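Q: Just dropping this structure here.
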Amino acid sequence: DVKVTQSSRYLVKRTGEKVFLECVQDMDHENMFWYRQDPGLGLRLIYFSYDVKMKEKGDIPEGYSVSREKKERFSLILESASTNQTSMYLCASSLGAQGSETQYFGPGTRLLVL
Amino acid sequence: AQKITQTQPGMFVQEKEAVTLDCTYDTSDPSYGLFWYKQPSSGEMIFLIYQGSYDQQNATEGRYSLNFQKARKSANLVISASQLGDSAMYFCAMRGRSGAGSYQLTFGKGTKLSVIP
């Protein structure tokens with residue numbers, strides 16, 4: 001079974017803090033993704049990575065950066081957290097070969113910025 | 001650009017009955033894939049079923065089936081014999097290519113399904 005883990009289920013931070021959200025997958029997947037989910041808006045793609053050290057902006061990259069130094073780990077960084085970044089953050093991974101491109105998700109991190 | 005539309009914000013179904021969740025899509029790419037995910041209150045997104053645009057048969061996975069009507073650009077999820085554990089948010093998603101040529105998913109806004117005992 002594919003296993004995607006996220007470092008925290010719940011996180012509370014203060015405005016202006018630097019925040020790191022970590023995601024690890026154990027299935028040697030090429031692609032990894034970060035989404036945020038807000039009520040009524042569905043899932044919106046922040047960034048994704050299709051290889052180590054490679055990244056591509058999604059639909060809402062502003063205020064975020066990412067790091068992928070190792071294949072299994074993909075980090076989302078909030079350089080200076082703001083209250084409008086309070087959200088549910090979901091990490092996902094996919095195999096990377098052409099085909100179904102099914103994405104497998106982690107349990108999510110609920111971030112509250114005060 | 002790809003677009004996914006789920007017009008039902010919420011649905012109710014009686015336990016043991018079947019329910020259909022609607023999904024329509026729009027894309028100019030002749031090759032695409034359609035997915036359904038379930039999200040229980042715990043938050044984790046669970047993959048349910050996949051349909052490729054060139055697949056001849058409708059996809060089925062246990063109690064889940066996908067009613068794929070290509071000409072109408074619809075990919076409705078059918079859940080047979082509903083169970084209380086089916087109460088969750090359900091998201092339809094479509095695979096498309098990003099500007100750099102890699103694949104990504106576009107999600108609909110979801111349908112909240114409530115199963116009534």
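The values are calculated or read from the model by the stated rules, or taken from the named source; none is laboratory data. Source: prediction; values computed, not measured. Glycine also receives a Cβ, built like all others from the backbone with ideal geometry; neighbour counts cover every protein chain displayed.
Q: If A:Gly16 satisfies all but one of (1) closer than 30 Å to B:Ile49 by Cβ; (2) away from chain B (no Cβ under 11 Å), what's the number of the condition it fails?
A: Result: A:Gly16 fails condition (1) only.
Q: Can you list the strands (runs of 3 or more DSSP E) lying wholly within region B:28-93 that have 1 or more residues being free of Cβ contacts under 8 Å to residues at least 24 places away in the same chain?
A: Because the criterion is at least 1 residues that are free of Cβ contacts under 8 Å to residues at least 24 places away in the same chain, the strands (runs of 3 or more DSSP E) in region B:28-93 that meet it are B:46-52, B:64-69.
Q: Please state which one of A:Leu78, A:Leu45 is in contact (Cβ under 8 Å) with a residue 24 or more places away in the chain and of a type in the set (A, V, I, L, M, F, W, C). Reasoning before the result, please.
A: On the way: A:Leu45 fails: in contact (Cβ under 8 Å) with a residue 24 or more places away in the chain.
Result of the check over A:Leu78, A:Leu45: A:Leu78.
Q: Also: Counting only residues that are buried (at least 20 other Cβ atoms within 10 Å of the Cβ) and not small (Gly, Ala, Ser), how many does region B:69-88 have?
A: Qualifying residue count, region B:69-88: 2.
Q: Another question, then. Take region B:52-101 and flag every residue that is among the aromatic types (Phe, Trp, Tyr), modelled with pLDDT of 95 or more and over 23 Å from A:Phe105 (Cα atoms). I'd like the intermediate steps shown before the answer.
A: Let us first name the residues in region B:52-101 that are among the aromatic types (Phe, Trp, Tyr), namely B:54, B:64, B:68, B:90-91.
Cutting the leftovers down to modelled with pLDDT of 95 or more gives us B:64, B:68, B:90-91.
Answer for region B:52-101, where residues must be among the aromatic types (Phe, Trp, Tyr), modelled with pLDDT of 95 or more and over 23 Å from A:Phe105 (Cα atoms): just B:Phe68.
Q: Under the condition of being of a type in the set (D, E, K, R) and within 9 Å of another protein chain (Cβ to nearest Cβ), which residue from region B:89-117 is surrounded by the fewest Cβ atoms within 10 Å (Cβ to Cβ)?
A: So the first thing to find is which residues in region B:89-117 are of a type in the set (D, E, K, R), and the list is B:95, B:97, B:109, B:112.
Subset that is within 9 Å of another protein chain (Cβ to nearest Cβ): B:95, B:109.
Values: B:Arg95: 25, B:Lys109: 17.
Ranking the candidates gives B:Lys109 first.
Q: Considering only region B:1-27, how many residues are assigned to a loop (DSSP other than H, G, I, E, B) and of a type in the set (S, T, N, Q)?
A: Restricting attention to region B:1-27, the residues satisfying the condition of being assigned to a loop (DSSP other than H, G, I, E, B) are B:1-2, B:6-9, B:15-18, B:22-23, B:27.
Filter once more, so that each one left must be of a type in the set (S, T, N, Q): B:2, B:6-8, B:27.
Qualifying residue count for the region: 5.
Q: Further question: Out of A:Gly106, A:Gly96, report the one residue that is surrounded by 17 or more Cβ atoms within 10 Å (Cβ to Cβ) and either closer than 22 Å to A:Tyr50 by Cβ or within 14 Å of chain B (Cβ to nearest Cβ) (or both). Steps first, answer last, please.
A: On the way: A:Gly96 fails: surrounded by 17 or more Cβ atoms within 10 Å (Cβ to Cβ).
So the residue among A:Gly106, A:Gly96 that is surrounded by 17 or more Cβ atoms within 10 Å (Cβ to Cβ) and either closer than 22 Å to A:Tyr50 by Cβ or within 14 Å of chain B (Cβ to nearest Cβ) (or both) is A:Gly106.
Q: Turning to a different aspect of this structure: Which members of region A:46-71 meet the condition of being in a strand (DSSP E or B) and within 13 Å of chain B (Cβ to nearest Cβ)?
A: Taking region A:46-71 as the starting set, the residues that turn out to be in a strand (DSSP E or B) are A:46-51, A:54-57, A:65-70.
Selection gives A:Ile46, A:Tyr47, A:Phe48, A:Ser49, A:Tyr50, A:Asp51, A:Met54, A:Lys55, A:Glu56, A:Lys57.
Q: Turning to a different aspect of this structure: Look at A:Tyr104 and say whether it is modelled with pLDDT of 95 or more and either at positive phi or among the hydroxyl-bearing types (Ser, Thr, Tyr) (or both).
A: Values: modelled with pLDDT of 95 or more: no; either at positive phi or among the hydroxyl-bearing types (Ser, Thr, Tyr) (or both): yes.
Answer is no for this residue.
Q: Right, here's the next one. Picking from A:Arg9, A:Arg14, A:Arg36, which residue would you name as being touching a residue at least 60 places away in the same chain (Cβ under 8 Å), within 30 Å of B:Lys112 (Cβ to Cβ) and among the charged types (D, E, K, R)?
A: Working: A:Arg14 fails: within 30 Å of B:Lys112 (Cβ to Cβ); A:Arg36 fails: touching a residue at least 60 places away in the same chain (Cβ under 8 Å).
Among A:Arg9, A:Arg14, A:Arg36, only A:Arg9 is touching a residue at least 60 places away in the same chain (Cβ under 8 Å), within 30 Å of B:Lys112 (Cβ to Cβ) and among the charged types (D, E, K, R).
Q: Quick one: B:Ile49 ticks every box in (1) surrounded by fewer than 16 Cβ atoms within 10 Å (Cβ to Cβ); (2) more than 16 Å from B:Val115 (Cβ to Cβ); (3) modelled with pLDDT of 95 or more; (4) not polar (S, T, N, Q) except a single one, so which number is it?
A: Just one mismatch for B:Ile49, condition (1).
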